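Student: Sending over a structure as structure tokens; questions will come in a sec.
Taken together, the values in this text are just the output of simple stated rules run on the coordinates, not laboratory data. Values in this document were obtained by computation on a predicted structure and should not be read as measured data. Using ideal geometry, Cβ is built from the backbone for each residue, glycine included, and neighbour counts are taken over all protein chains shown.
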Number of protein chains: 2
Amino acid sequence: MNDHPIRILIADDHPVVRAGLRAVLETEPGFTIVAEAATAERAVELAAAGGTDVVLMDLQFGGGMNGSQATAAITARPGAPRVLIVTTYDTDADTLPAIEAGATGYLLKDAPPEELAAAVRTAAAGRTTLAPAVADRLMNRLRAPHSSLTRRETEVLTLVAEGLSNQRVSERLHLTQATVKSHLAHIYAKLGVDSRTAAVAAALGLGIIRR
Amino acid sequence: MNDHPIRILIADDHPVVRAGLRAVLETEPGFTIVAEAATAERAVELAAAGGTDVVLMDLQFGGGMNGSQATAAITARPGAPRVLIVTTYDTDADTLPAIEAGATGYLLKDAPPEELAAAVRTAAAGRTTLAPAVADRLMNRLRAPHSSLTRRETEVLTLVAEGLSNQRVSERLHLTQATVKSHLAHIYAKLGVDSRTAAVAAALGLGIIRR
DNA sequence: CCGGGCATCGATCAAAAGGTGGAGACGCCC
DNA sequence: GGGCGTCTCCACCTTTTGATCGATGCCCGG
């Protein structure tokens, strides 16, 4: 298992970040950067071609496929490399899809170089490294009753978060106001709040909706 | 003016980003990286010590002083170096304070290496480089009537954004509901909306309030 | 010293939102 | 087939919010 260096693929749309990861990892013994990808699609291609042990994957790409989707595509194949998420910010909305997609680890870009190198070795061995902040939130998530909204409820809440009235929401979704109010009542119960603005605040905090 | 290479200070709390900027810029002729700073405070110290032409400044640091404050501190001194903001995301809330603080340019980290190098040269000459996305938003900002809220209005809106009712806001600020409603009416007029949730959405979009 | 912006409060009235307690239709799974 | 969750809708009522008039005191700059 230790007869070759760990072969690494760097996937990030920022040239500066790619150069930085390369600079940090190339000084470590036992690592080889075999390729870089500036898009998620390209990362999936390169990973599928083989010859890679660990993929360092950003979550945000300029457009097209995002990092979680790429991770799912990569890990779906037999003999796939491990995927280590290396991103700047962590919210529930980012972390959960990535982990569900089969990421082996989740690091933040402010990690010191030693931690990054250690995480790559851990990932190559198939074990998990989580940034402390991410681990904390995941634990809280498991403790809290899982309050996931249905697809329709999320649609309604997203429009409400844009400042639309019940009337406008009902028009946009081709519903009656009664239905919108019904959805909102369920949303309030699930989120433990009692007004639309509080629901938006809670959902933003939980990463259920964006912006 | 061209008798020495451009002396650069890199200020960013991410080791990876520092390494990346260094890797990108060191390959360019006429550039010398004279120092790195992992905190905004350290950047101010190093810049004050002299011997620097251009500071590459991130806006977000882990804690303490942020990049805009550091920029203000650096540019306040006579003979100060130019400050070029190099950050990941751009919102009004980030851009405006940095520019008011005296930044010479504003780039995003997804800029290609050539653009970064060109911006450093431009900054060293005292002229401005703006990322296209930033330039766009600044133009829109100038066209739109500048709707800045008063301190009190911002306080009220911040609490409203946390989901509090008028009653709760009035308690928290030791006011009557009448006063809160009066502030809200002014806020709606300034933001061009007609409900609290829409005001929160608009204020988040404009960077007037956070999270 | 006067005007204007700011912050504070009051009273009404109309509209919107929220609370309660339903109900029917659909799909899914055991 | 029966239960469960989701999505849809209705009626009635209370509370909250917003709109529109006000008013007062304070401070600051021309």
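Student: Could you grab the relative contact order for chain B? Cα pairs under 8 Å, six or more apart, rounded to a whole percent. Spell out each step's value before the answer.
Tutor: Numbers: 311 pairs, mean separation 29.7, N = 211.
Once divided by the residue count of chain B, the mean separation gives 14 percent.
Student: How high is the relative contact order of the range A:159-211, in percent, counting Cα pairs under 8 Å that sit 6 or more residues apart? Intermediate results must be reported in sequence, preceding the final value.
Tutor: Working: 30 pairs, mean separation 13.0, N = 53.
So the answer I get is 25 percent.
Student: I'd like the projected area of chain B, averaged over all directions, using the convex hull of its alpha carbons. Report it in nm² with one decimal.
Tutor: Numbers: hull surface 52.5 nm².
Its average projected convex-hull area is 13.1 nm².
Student: Which log10 I(q)/I(0) values does the protein assembly as shown give at q = 0.10 Å⁻¹ under the Debye formula, counting every alpha carbon as one identical point scatterer?
Tutor: -0.83
Student: Another question about this same structure. Among B:E115, A:E153, A:E114, which comes first, then next, by fewest other beta-carbon atoms within 10 Å?
Tutor: Numbers: B:E115 15, A:E153 20, A:E114 11.
Placing the least packed residue first, the sequence is A:E114, B:E115, A:E153.
Student: What's the exposure ranking of B:R172, B:R151, going from fewest to most Cβ atoms within 10 Å? Don't skip to the end; give the middle numbers.
Tutor: Details: B:R172 14, B:R151 7.
Listing B:R172, B:R151 from fewest to most nearby Cβ atoms yields B:R151, B:R172.
Student: Can you show me the helix-derived [θ] at 222 nm for chain A, built from DSSP H runs with n ≥ 4 at -39,500 (n - 2.57) apiece and divided by the number of residues, rounded to the nearest 500.
Tutor: Details: 10 runs with 108 residues, N = 211.
Calculated at 222 nm, the ellipticity per residue is -15500 deg cm²/dmol.
Student: What does the C-alpha gyration tensor say about the overall shape of the range A:155-211? Classify as rounded when a/c is under 1.5, otherwise prolate if a/b is larger than b/c, or oblate. The partial results should precede the final answer.
Tutor: Working: a/c = 2.22, a/b = 1.44, b/c = 1.54.
Oblate, because a/c is 1.5 or more while a/b does not exceed b/c.
Student: So, counting K/R as plus one and D/E as minus one, what does the shell of residues with Cβ under 15 Å around B:G79 add up to? Can you show the working numbers first?
Tutor: Values: positive: B:R7, B:R77, B:R82; negative: B:D53.
Around B:G79, the charge tally is +2.
Student: With θ taken as phi - 60° and the coefficients 6.51, -1.76 and 1.60, list the Karplus ³J(HN,Hα) couplings across the range B:65-72 in order, rounded to whole Hz; mark glycine and proline as x.
Tutor: Calculated HN-Hα couplings, in order: 5, 9, x, 5, 5, 4, 4, 4 Hz.
Student: From Cα pairs below 8 angstrom and at least 6 apart in sequence, can you work out the relative contact order of the range A:1-123, rounded to a whole percent?
Tutor: Numbers: 222 pairs, mean separation 28.1, N = 123.
Once divided by the residue count of the range A:1-123, the mean separation gives 23 percent.
Student: Could you work out the pair-distance distribution P(r) of the range B:1-121 from its alpha-carbon pairs, with 5 angstrom bin width and percents rounded to whole numbers?
Tutor: 2, 12, 25, 26, 21, 10, 2, 0
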